[in-house]
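Let me begin by presenting the structure, written as structure tokens, before commenting on it.
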Amino acid sequence: MFIFSYPLKLLAKLNLQHLQINDALIKELPTPVAVTDTQLNFIAYSKRWLIEHNITQGEIISVNFFDALSHIPFQFKDILNNCLMGNSCQNEGQEFKKCENQKIWLKWNINPWKNENGSIGGLVINLENITAKKQLQELVEKAQEVSRTGGWQVDLLTYKTQWTKMVNIIHEMPLDYVPQTYDECFVHFKEGEYRNKIIAASNEAIKYGTPWDEEVIMVTGTGKEIWIRTKGHAEFIDGKCVRIFGICQDIDKYKRQQLAYTESAEKLKKAVTASKVGTWEYYLDTGKTVWDDITFSLHGVPKDNFTGSLYRNWKNAIHPDDFIEIQKAVQKYYNGGGLGSGTVEYRVLLPNNQVRILKSTVTVITDPKSAEYKGVGITQDVTNEKLAEKKLKEFAEITGKQNNSLTNFAHMVSHDLRAHSTNLSVLTSLLKDEKDEDQKIQILEMLKSATESLNSTVYNLNEVVQSNSKDIRDELTKVNVLKVIHTVKNNIGTLFQEKNATCTINVATEHNVKVVPAYLDSIILNLFTNSLKYSSPSRDPKIVITTTIVDEFLELTFTDNGKGIDLEKYGATIFGMHKTFHRNKDARGVGLYITKNQIEAMGGSITVQSKVNSGTSFKILFLLN
């Protein structure tokens, strides 16, 4: 079967008689190959050619290339004409514009074939439509661009390093650059504390499998120092670390903002400490009050024109919403709450309607001359300090949401797309080996359904990327639960067949919930794959899914008869990161952590009941539409 090893080179050397003899062999080629005459009419073609270009009208012998392949842009004819002049042409991927809003990517390898007299008899064409692959690649690259995140890995068997394009961009290095040695991987980190931290973290991962997540300074190829976030994991085979891999994210902008906020807060704190502080005295028995000039100013009371009781003016200056609590504190001391010190914070409403936050520290003592109780205190303006603390807290919340969004997106890309990839790979393999035409048609329908589902997943992931900077609660949309369950189940149909699994679905067709579609797909997929992955070896997997309305929520119950989980041992950590409960080699301990994170981000909750060797039942609450 030499033609499978070098099909295009050998086919180009065959004359018309040989092509007719080898027509059956050409049809079985595993690649989309076709042979034309000089008029670009088809002489022979492989079955894969029809599938690749969605040709359904049957026989295309003697049909012109552009009549049979109407989706191919007509400018491709220039390439074919050039090859008819005796030139070979190969391209790994070129974009063509079909119309104003539609593009197509093509990959080809074209060789002319000759007649017995040496004249060119036509072309041998290997042509693939790689538009879907390119769109997926663009989506991943866009996601990396938006989050400024790249991936890397080091093969510890060969010490070969691989970087994605974004890692080179972050490092300001040529796009074709990769470290040539293991040690070279660390020279980009700033020498000293940060380089030592990453070296120690990688050694810990290689030795013990401990993952790392660090924020460090690196030096770019242009000599610029920037902050990055680097995460790393180790892969072990037979107890030996064979690979470390992870992500590199450019966090320089918001890290510097965070440091600026921290520095500003520290400066404010020092400034307040070093600023003038008002002092005062208050006699609990007589009500006599003594203020210095700064205390007058802090409370907005003009000293020069002051008349009446200082205590009364102090009460009048306190913000109405804070007065009751402050009065209780004063009354405690007045009623003999005991000697000692205390601090109170309260707002004052100044004559210009400006609100300031004051902090007063008081110590109750006994006057040595009169033996009267008096409070001696200091008061300072802490308004700026409080506002800085509020900003820091808001920034921390934003950073936390961004980190959770990144973790969810990375999980969905790796977990959800991996499921589609596995399904497509299995179906493609079945199609290749299947001889029965009816079975091939059925597999082709399954492939069509799988690719449509993949397109839906890519669309949902794109929606997640677009909404990355928004509050997730604002992105909830109405989704039909039953439809999602059936779609996800169909996507992993080959896994169900391998496990001989059955699934009973008791879900009403009208049950809709408010969710992020990509999150719900990921949640259902994770529950299905976990049930099948950790099924009992002594019985066929059985899954039961039911839904019930509980107040403003839809309760989804997902039950299986698998291995079960020892909740007495693992109950407190079942939804933790990197927590595994079985000895499966592919267990990573992130699925349930991500699932819980996604559910709670959408305003829901998840609980679990399980018994070892009996099965597991998850109850999930989703917001009703």
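General observations
- Which listed residue, of Lys563, Lys569, is at pLDDT below 95, buried (at least 19 other Cβ atoms within 10 Å of the Cβ) and among the basic types (Lys, Arg): Lys563
- Qualifying residue in the stretch 302-318 (condition: surrounded by 14 or more Cβ atoms within 10 Å (Cβ to Cβ), at pLDDT 75 or above and not hydrophobic (A, V, I, L, M, F, W, C)): yes
- None of Glu204, Glu193, Glu172 is open to solvent by 70 Å² or more (accessible area, probe 1.4 Å), of a type outside the set (Lys, Arg) and either within 25 Å of the chain's Cα centre (by Cα) or within 25 Å of Phe236 (Cβ to Cβ) (or both) except Glu204.
- Scanning the stretch 150-161 for residues that are modelled with pLDDT under 90 and outside any loop (DSSP other than H, G, I, E, B), we see that the one that is nearest to Tyr182 (Cα to Cα) is Gly151.
- Subset of the stretch 337-394 [modelled with pLDDT of 75 or more, open to solvent by 50 Å² or more (accessible area, probe 1.4 Å) and in a loop (DSSP other than H, G, I, E, B)]: Pro351, Asn352, Asn353, Gln354
- Here the stretch 594-625 is the region considered, the condition is being among the hydrophobic types (A, V, I, L, M, F, W, C) and farther than 16 Å from Asn530 by Cβ, and the residue that is surrounded by the most Cβ atoms within 10 Å (Cβ to Cβ) is Phe622.
- Looking only at the stretch 254-279, residues that are at pLDDT 80 or above and not small (Gly, Ala, Ser) come to 10 in all.
- Pick from the stretch 17-38, criterion crowded, with 16+ Cβ neighbours inside 10 Å and modelled with pLDDT of 85 or more, ranking: farthest from Leu127 (Cα to Cα): Asp37
The values are calculated or read from the model by the stated rules, or taken from the named source; none is laboratory data. What you see is a predicted model; the values in this text were computed from it and never measured. Glycine gets a Cβ as well: all are built from the backbone with ideal geometry, and neighbour counts include every protein chain shown. With ligands, DNA and RNA removed, areas are computed over all heavy atoms of the protein, side chains included. Shrake-Rupley method; radii C 1.70, N 1.55, O 1.52, S 1.80 Å.
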